[in-house]
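Undergrad: Provided herewith is a single structure, encoded as structure tokens, for subsequent inquiry.
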Number of protein chains: 4
Amino acid sequence: MESSSCILSRPLRGIIPPMITPLLDRDTLDAAGLERLIEHILAGGVHGLFILGTTGEAPSLSYRLRYELIERTCDQVKGRVPVLVGITDTSFVESVNVACKARDAGAQAVVLAPPYYFPAGQAELREYLKHLTPDLPLPLFLYNMPSYTKLVFEPETIRAAADFPGVAGIKDSSGNMIYFRQLQDLLKDHPDFSLLMGQEELLVEVVLLGGHGGVCGGANLVPKLYVDLYNAAYSKDLSKVQSLHKKVMQLSNNIYNVGRFESSYLKGLKCALSCMGICSDFLAEPFHRFRRAEHKRIQRYIKELGIT
Amino acid sequence: MESSSCILSRPLRGIIPPMITPLLDRDTLDAAGLERLIEHILAGGVHGLFILGTTGEAPSLSYRLRYELIERTCDQVKGRVPVLVGITDTSFVESVNVACKARDAGAQAVVLAPPYYFPAGQAELREYLKHLTPDLPLPLFLYNMPSYTKLVFEPETIRAAADFPGVAGIKDSSGNMIYFRQLQDLLKDHPDFSLLMGQEELLVEVVLLGGHGGVCGGANLVPKLYVDLYNAAYSKDLSKVQSLHKKVMQLSNNIYNVGRFESSYLKGLKCALSCMGICSDFLAEPFHRFRRAEHKRIQRYIKELGIT
Amino acid sequence: MESSSCILSRPLRGIIPPMITPLLDRDTLDAAGLERLIEHILAGGVHGLFILGTTGEAPSLSYRLRYELIERTCDQVKGRVPVLVGITDTSFVESVNVACKARDAGAQAVVLAPPYYFPAGQAELREYLKHLTPDLPLPLFLYNMPSYTKLVFEPETIRAAADFPGVAGIKDSSGNMIYFRQLQDLLKDHPDFSLLMGQEELLVEVVLLGGHGGVCGGANLVPKLYVDLYNAAYSKDLSKVQSLHKKVMQLSNNIYNVGRFESSYLKGLKCALSCMGICSDFLAEPFHRFRRAEHKRIQRYIKELGIT
Amino acid sequence: MESSSCILSRPLRGIIPPMITPLLDRDTLDAAGLERLIEHILAGGVHGLFILGTTGEAPSLSYRLRYELIERTCDQVKGRVPVLVGITDTSFVESVNVACKARDAGAQAVVLAPPYYFPAGQAELREYLKHLTPDLPLPLFLYNMPSYTKLVFEPETIRAAADFPGVAGIKDSSGNMIYFRQLQDLLKDHPDFSLLMGQEELLVEVVLLGGHGGVCGGANLVPKLYVDLYNAAYSKDLSKVQSLHKKVMQLSNNIYNVGRFESSYLKGLKCALSCMGICSDFLAEPFHRFRRAEHKRIQRYIKELGIT
């Protein structure tokens, strides 16, 4: 299989967009949209592709559809960049099931947030990871996302897990930079362990101060902007950083800021991709796509921001 | 099928224990323990049986195991009491899938908490229920469990859903009696809508003041105690209520109070059932069974409380 | 002083309204309104009067005004019922200062929630109470109010404090009946320790099952309703309890339910008292009184509920 | 008065340490320690001094002591740097009272977090600021501290307040860099409005990307470290930034990380200052100083970090 020729660099560096999942309805992929979206993102020069994360609405999708998405994505990417597959689940067994599908389809890694129904303690999370990691057939990125899972992987838990087999890094979406700085400090003796930022507004400071990259939702729309910003920060070109960072903030303050629910980020992203003619804006329950008024605002922002 | 002879009374009244799921390991049912447990519970005179709730560790189980549990339980109960099946899921499609399995196996109703990963607004929850209820083949009980789902079904949402087809009642596990009183007030014109209390410590006041019954975890251990308490409260026998309520509080303050994590309720229940020789105390990840020291404390409490 | 003739019964039982503070502006008492309000409340047969609690907006008032309120209230009450004075403060020294003023003015007890800025642990709260109680010149009621203070007096902390000198009871406004039931269980060997409910919607179940009374905000408006309900519950007259409880719920679901902020309880109470001609509806910052539209709704509810 | 010769630059830039309050007991200043501490901090080249913040334990102190501290501090500083005085209070009137004392003593500005007992909405907070600012005799810095006040000044509220008379900037201690970036974006047309970071771990990224400085607790101990770091970041000297930032993280990960309560930051700071012979480590209730074991760990860290 071609994709097996793609090697996951250690540490993984750069921009790894968390791909939205193009849907025609709650249980039907927008297959044509998916192809266009993948090509659009890869054309921006990204360093990987992360599917079935929060941005990918994974928890809202049936397992059948998740499996179909994994296969179609790996087939389309054909090993040009590493594919990372979200396996977060409340059920240990289902997480392993998805990971095995990912390996079979040719993906390069899996990504896991804490099981998010029961309020496990840190000792229990550590044990959970200790049991889980030997059963996973691909390298694992941990995923800290407390606003959704209500559980934090505390720094010491990450530190312990970094020594489990196959644990390759963390994506932190807490927005808590102090947490991120603590991780950097705790893992300074693990140069292969990848520290990735899940909030695009904080990509710059992460890369300027030694982090490895970002999982930036906006890279669904304008992948090159984030790749350029990553490169500028990596090479410490502060004036370029500032002008590109300004564009990232404008996108964030506009596209993600329509509507009154916390889901405005996801709705804005999908709506914008639909306005760009890339894929459908359907969202699985419990969400729904923007209605006409919000759609118009997104359309206007896209024009103002020069996204095409 | 015999179970089809069992009719779900409206409103559903009495004690409907939330059954724990006996496990040999994370993906293997303790089938013999399950049989013993069901017979033990039914011998107490309960008015229904609720499987695959929070107490049943549903989110931690694979779908395969959940389906097996539904079938075995319905086969064992044989229509003696209504079987209610938890279908809570982050995925709309998977909730419908489990509901269809429940209908096929001969269950009488399904139970649903809000989808618990994405932070939906109340308008979105209402729409979610409006889309979901026509697809469900069995009557639906809503399940308010904010400490785990992080989403409340607000009283007005329940009030609206009460007019959707098949919505038969609510199990409230918020522990917020003011919420429960508001529901009673809002639904006073829906005499068929069942108002059930999910916290056994509050069963008495619910039944004394017009609620319909309780989903009491302790009824896994001593089902007759809760049935007697329900009957005493229903017939306003206050002195009997007080002496039985005292026993319920003793059980709660001891069996559920060992260990330092929020999971002590679940661990205590399973440990006690194991001490009683009914079924295995294995818990699926992210939890694990009590170690020896806690096991001894549970064993002592069981003796002190006269549970056998 | 006459008020010294008033003895605080142990345990304190019955209805102890948390009085609102009538204000002409943010630093001026509505002295005439205060006199009318006190006489209105006492005419209802209440068993005590609690000033400077949350309902009394204590944290929003200057110390000068708090001291004036203590003196005027004690002078007006003249020992007809015990006066309880809120001394909750972030500063230990200021709590003692207010307590001394209360004693000098002739009050019978003080009421204290946890210091609410710094996130103290339970061991620190226990030590705080151990240091504080010897410095207080009056019996102390603890006050559990986690939604505002963000700190709980955990049951074990209350249990320990019950043995400190002068600690006479607790007012629980958590709305968590399981907590209340645990307190009853832990303090069953302290028959003098008063267990009071701060949420009027839960007065009935508290008194029916062995609690001592309630601190009911609605008793500012219709004190006799709550006194009658207390008496009915105390004498286990369940049919009377149900008809009176229904009225309490109607008041709660209407008067406290206007406007979109959490402060609607306080605004509704003051607005209703103003409609009744008893006192001004001014609220200290950060709140403000209802505007015209909400005022009209309150006026209509008052008429519908037959409050005059 | 000499201090009147000190002018508050607009925007205020640099390092403004939040001074701890040296105490001999809960209501007695450590006056000699205070003198030593002020001279120690000023010797580091800081750009201002902030007293009576969270680090200064202001909410735990009596007003009498707060007033004494304001006077002694202004007398000691003698206008060498601007003195900022915390006036956060649940009571509007008391906030104004402290502000007037600050002006009388010769301070240059006041600092205010939201009133923190009642859960005000943003519209109410805006109105509160609109009423308060005309009554304040000194420029005002807003203070966002949601972990303690449980209320956020949302970005739009800050934006609106920036146009009220005398509002000079914000100190953000939320640790939420996305919030900080949003503020920068919203206030880009207010070049005089000072954007200060309250978390020293995030000083670097703030200053590198256009923020104005930091309110760094560690500057009580090693003021020059933070001043040097500020200067390096301001002049975009990235290699110097990285080596100094590493020292800041070491201090944070050690000195603030002893003991099991959230108060370990404050206890660690005071304990370290006591080890350094500068002032007493007494803390006002609800906290207490470190016991012997923690004291020894702090002493060891100080030695290891080379703080003297």
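Undergrad: For the stretch C:167-308, would you read off the P(r) tail past 18 Å as a percentage of all alpha carbon pairs?
TA: Beyond 18 Å sits 58 percent of the P(r) for the stretch C:167-308.
Undergrad: In Å³ and rounded to a whole number, note down the convex hull volume per residue for the Cα atoms of the stretch A:236-308.
TA: 106
Undergrad: While we're looking at this one, here's another question. 7 Å along Cα→Cβ for the label point: how many nanometres lie between C:K303 and each equivalent label in the other copies, listed shortest first?
TA: List, nearest first: 5.2, 7.1, 8.1 nm.
Undergrad: Which of the aspartates and glutamates could a cross-linker bridge to B:K303, judged by Cα under 19 Å and excluding same-chain residues fewer than eight apart?
TA: Leaving aside aspartates and glutamates fewer than 8 places away in the same chain, those within reach of B:K303 are B:D281, B:E294.
Undergrad: Residues of the stretch B:26-59 with accessible area at least 30 Å² lower in the all-protein-chain context than alone (1.4 Å probe)?
TA: Flagged in the stretch B:26-59: B:R26, B:P59.
Undergrad: Sticking with this structure for a sec: Residues with beta-carbon under 14 Å from that of C:K171, excluding C:K171: net charge, scoring Lys, Arg +1 and Asp, Glu -1?
TA: -1
Undergrad: Taking the Cα centre of each part, how many Å lie between the stretch C:154-230 and the stretch B:1-74?
TA: Cα centroid to Cα centroid, the span is 38 Å.
Undergrad: Shortest first, in nm, what separates the label point of B:F164 from those of the same position in the other copies (7 Å along Cα→Cβ)?
TA: B:F164 label point versus its equivalents elsewhere: 3.6, 4.4, 4.9 nm.
Undergrad: Taking the Cα atoms of the stretch A:1-72, report the difference between the largest and smallest coordinate on each principal axis, in whole Å and largest first.
TA: 36, 26, 21
Undergrad: Now, a different point. Can you tell me the accessible area per residue over the protein assembly as shown, all protein chains present, probe 1.4 angstrom, in square angstrom?
TA: Per residue, the protein assembly as shown has 34 Å² of solvent-accessible surface.
Undergrad: Taking a cut-off of 58 Å, what percent of all Cα-Cα pairs in the protein assembly as shown are separated by more than that?
TA: Tail of P(r) above 58 Å: 16 percent of Cα pairs.
Undergrad: Using a label point 7 angstrom from Cα along Cα-to-C-beta, what distances in nm, from shortest up, separate D:K240 from the other copies?
TA: Result, one decimal in nm: 2.5, 8.3, 8.5.
Undergrad: Moving to a separate point now. Among all helices in chain D defined by DSSP H, which have a length of 24 Å or more along the axis from Cα atoms plus a Kyte-Doolittle mean of at least -1.0?
TA: Result, helices passing both filters: D:238-255.
Undergrad: Moving on to the next point. Please compute the Kirkwood hydrodynamic radius over the stretch C:76-143, one decimal place, Å, based on all pairs of different Cα atoms.
TA: For the stretch C:76-143, inverting the mean 1/r across all distinct Cα pairs yields 12.4 Å.
Undergrad: Leaving out ligands, DNA and RNA, and with a 1.4 Å probe, what % of the accessible surface on the stretch D:188-267 is carbon or sulfur?
TA: In the stretch D:188-267, the share of accessible area belonging to carbon and sulfur is 48 percent.
Undergrad: Run the paramagnetic zone check for B:E154: 7 angstrom along Cα to Cβ, then residues of the stretch A:256-281 with backbone nitrogen under 20 Å.
TA: A:258-265
Undergrad: How fast does the stretch C:35-77 diffuse by Stokes-Einstein, in µm²/s, taking the Kirkwood radius from C-alpha pairs at 37 °C and 0.692 mPa s?
TA: Translational D for this selection: 296 µm²/s.
Undergrad: May I ask you to evaluate 6.51 cos²θ - 1.76 cosθ + 1.60, the Karplus curve with θ = phi - 60°, for each residue of the stretch A:213-220 and list the ³J(HN,Hα) values in order in whole Hz, giving x for glycine and proline?
TA: Calculated HN-Hα couplings, in order: x, x, 10, 9, x, x, 6, 5 Hz.
Undergrad: So what's the back-of-envelope 222 nm ellipticity for chain C, counting only DSSP H runs of four-plus at -39500 (n - 2.57) apiece and dividing by all residues, rounded to 500?
TA: My calculation for chain C gives -13000 deg cm²/dmol from helical runs alone.
Undergrad: Considering the stretch C:29-108, what Rg and Dmax in Å follow from its alpha-carbon atoms?
TA: Rg then Dmax for the stretch C:29-108, in Å: 12.1, 36.
Undergrad: A further question follows. In percent, what relative contact order does chain B have, based on Cα pairs under 8 Å that are 6 or more apart in sequence?
TA: Across chain B, relative contact order equals 20 percent.
Undergrad: Sorted from largest to smallest, which semi-axis lengths in Å does the alpha carbon gyration tensor of the stretch D:1-153 give for its equivalent ellipsoid, taking the root of 5 times each eigenvalue?
TA: Here the semi-axes work out to 25, 18, 14 Å.
Undergrad: Mind giving me the FRET efficiency for A:C100 and B:C100? R0 is 22 Å, r the Cβ-Cβ distance, nearest 0.05 is fine.
TA: Result of the calculation: an efficiency of 0.30.
Undergrad: Using the Kirkwood radius over Cα pairs, work out the Stokes-Einstein diffusion coefficient for the stretch B:81-237 at 20 °C and 1.002 mPa s, in µm²/s as a whole number.
TA: Calculated translational D: 134 µm²/s.
Undergrad: In cubic angstrom, how much convex hull volume per residue do the alpha carbon atoms of chain C span?
TA: Convex hull of Cα atoms, per residue: 118 Å³.
Undergrad: Direction-averaged shadow area of the convex hull around the Cα atoms of the stretch D:167-249, nm²?
TA: 5.3
Undergrad: If you don't mind, there's one more thing I want to ask. Test of understanding: in a Gaussian network model of chain C with alpha carbons linked when under 10 Å, which of C:L238, C:L138, C:L229 would top the mean-square fluctuation ranking?
TA: Result: C:L238 has the largest fluctuation of those listed.
Undergrad: Pairs C:K101/D:K130; B:K101/B:K296; B:K240/C:K188; D:K130/D:K188; A:K296/D:K171; B:K240/C:K246: which exceed 28 Å Cα-Cα?
TA: C:K101/D:K130; B:K101/B:K296; A:K296/D:K171
Undergrad: Within the stretch D:257-286, which trypsin sites (Lys or Arg not before Pro) sit in a loop by DSSP and count at most 10 neighbouring Cβ atoms inside 10 Å?
TA: D:R260
Undergrad: In addition: For B:K236 and B:A31 in the same chain, what is the full-extension length gain: residue separation times 0.36 nm, less their Cα-Cα distance, in nm?
TA: Between B:K236 and B:A31, full extension yields 69.8 nm more.
Undergrad: Need one number: nm distance between label points at B:N253 and C:F164, each 7 Å from Cα along Cα→Cβ, rounded to one decimal.
TA: Inter-label distance under the simple model: 2.2 nm.
Undergrad: Shifting gears a bit: Among chain B residues, which Cβ is nearest the axis of the B-onto-C rotation, and at how many Å?
TA: Looking at chain B's Cβ atoms against the axis toward C, the nearest is B:E205, 2.
Undergrad: Quick one: what Rg and Dmax do you get for the stretch B:109-196 from the alpha carbons, in Å?
TA: That works out to 11.9, 33 Å for Rg and Dmax.
Undergrad: Kindly tabulate the residues in the stretch B:264-289 with an accessible-area decrease of at least 50 Å² between the chain alone and the assembly of all protein chains, using a probe of 1.4 Å.
TA: B:E285, B:P286, B:F287
Undergrad: Hey, with R₀ at 30 Å, roughly what FRET efficiency would D:Q299 and D:K224 work out to, going by the Cβ-Cβ distance, to 0.05?
TA: 0.90
Undergrad: Indicate the residues belonging to the stretch C:194-211 that lose 20 Å² or more of solvent-accessible heavy-atom surface (probe 1.4 Å) upon moving from the chain alone to the assembly of all protein chains, ignoring ligands and nucleic acids.
TA: C:E201, C:L202, C:E205, C:L208, C:L209
Undergrad: Within a Cβ distance under 11 Å of A:S60, other residues only, what is the Lys/Arg minus Asp/Glu net charge?
TA: Net charge around A:S60: -3.
Undergrad: Probe radius 1.4 Å, ligands and nucleic acids left out: can you give me the accessible area buried at the C-D interface, summed over both chains, in Å² to the nearest hundred?
TA: The C and D chains share an interface burying roughly 3900 Å².
Undergrad: Give me the percent of the accessible area of the stretch A:9-134 that comes from carbon and sulfur atoms, probe 1.4 Å, all protein chains in place.
TA: Roughly 48 percent, rounded to a whole number.
The values are calculated or read from the model by the stated rules, or taken from the named source; none is laboratory data. Everything numeric here is computed off the predicted structure, so don't read it as measured data. Virtual Cβ from ideal backbone geometry, glycine too; neighbours counted across all protein chains shown. Accessible surface is based on the protein model in full, side chains and every heavy atom, while ligands, DNA and RNA are left aside. Shrake-Rupley method; radii C 1.70, N 1.55, O 1.52, S 1.80 Å.
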